[in-house]
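The values are calculated or read from the model by the stated rules, or taken from the named source; none is laboratory data. All of these numbers come straight from a predicted model, not from anything done at the bench. Reconstructed Cβ throughout: ideal geometry from the backbone, glycine too, with neighbour counts over all protein chains shown.
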Amino acid sequence: MRRGTLLGARLHVHHSRARLVDECIALSNHLRGTLAEYGIVIRPGARVFTAALSAIAEDTTTTVCRC
């Protein structure tokens, strides 16, 4: 494989990963804002957010929406 082709492929992978990271951050910020409207405040940070969502999912006493 030519060096230019390999370099181009690596660049595409880098850009794709960067876009996925940006979308993940945007989604977590959106969910954090939505939960804040219901009184569930989660501080920024991917690990903190994941842990908080896991705790909310396991907590059977928390009702986010009373539909």
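Between a residue in segment 1-29 that is without any contact (Cβ under 8 Å) to a residue 24 or more places away in the chain and any residue that is surrounded by 10 or more Cβ atoms within 10 Å (Cβ to Cβ), which pairs come within a Cβ distance under 6 Å, given they are 6 or more apart or on different chains?
Ser28/Phe49
Inspect all residues belonging to segment 30-37 and state whether any of them is surrounded by 10 or more Cβ atoms within 10 Å (Cβ to Cβ), without any contact (Cβ under 8 Å) to a residue 12 or more places away in the chain and acidic (Asp, Glu).
No, that holds for no residue.
Name the single residue that is modelled with the highest pLDDT among those in segment 13-67 being of a type in the set (D, E, K, R) and touching a Phe, Trp or Tyr at 6+ places or on another chain (Cβ under 9 Å). Please lay out each step first, then the result.
Keep residues of segment 13-67 that are of a type in the set (D, E, K, R), which gives 17, 19, 22-23, 32, 37, 43, 47, 58-59, 66.
Filter once more, so that each one left must be touching a Phe, Trp or Tyr at 6+ places or on another chain (Cβ under 9 Å): 32, 43.
Values: Arg32: 94, Arg43: 91.
Checking each candidate, the answer is Arg32.
Just to verify a result, which residue in segment 39-57, among those that are assigned to a helix (DSSP H, G or I) and not hydrophobic (A, V, I, L, M, F, W, C), is surrounded by the fewest Cβ atoms within 10 Å (Cβ to Cβ)? Explain how you work it out, then say what you get.
So the first thing to find is which residues in segment 39-57 are assigned to a helix (DSSP H, G or I), and the list is 46-57.
Restricting the remaining residues to those that are not hydrophobic (A, V, I, L, M, F, W, C) gives 47, 50, 54.
Numbers: Arg47: 7, Thr50: 12, Ser54: 10.
Looking at residues that are assigned to a helix (DSSP H, G or I) and not hydrophobic (A, V, I, L, M, F, W, C), I get Arg47.
Please specify each residue of segment 20-44 satisfying the condition of being polar (S, T, N, Q) and under 17 Å from Ala57 (Cα atoms). Spell out the reasoning first.
Here is the first cut: in segment 20-44, the ones polar (S, T, N, Q) are 28-29, 34.
Ser28, Thr34 - these are the residues of segment 20-44 that are polar (S, T, N, Q) and under 17 Å from Ala57 (Cα atoms).
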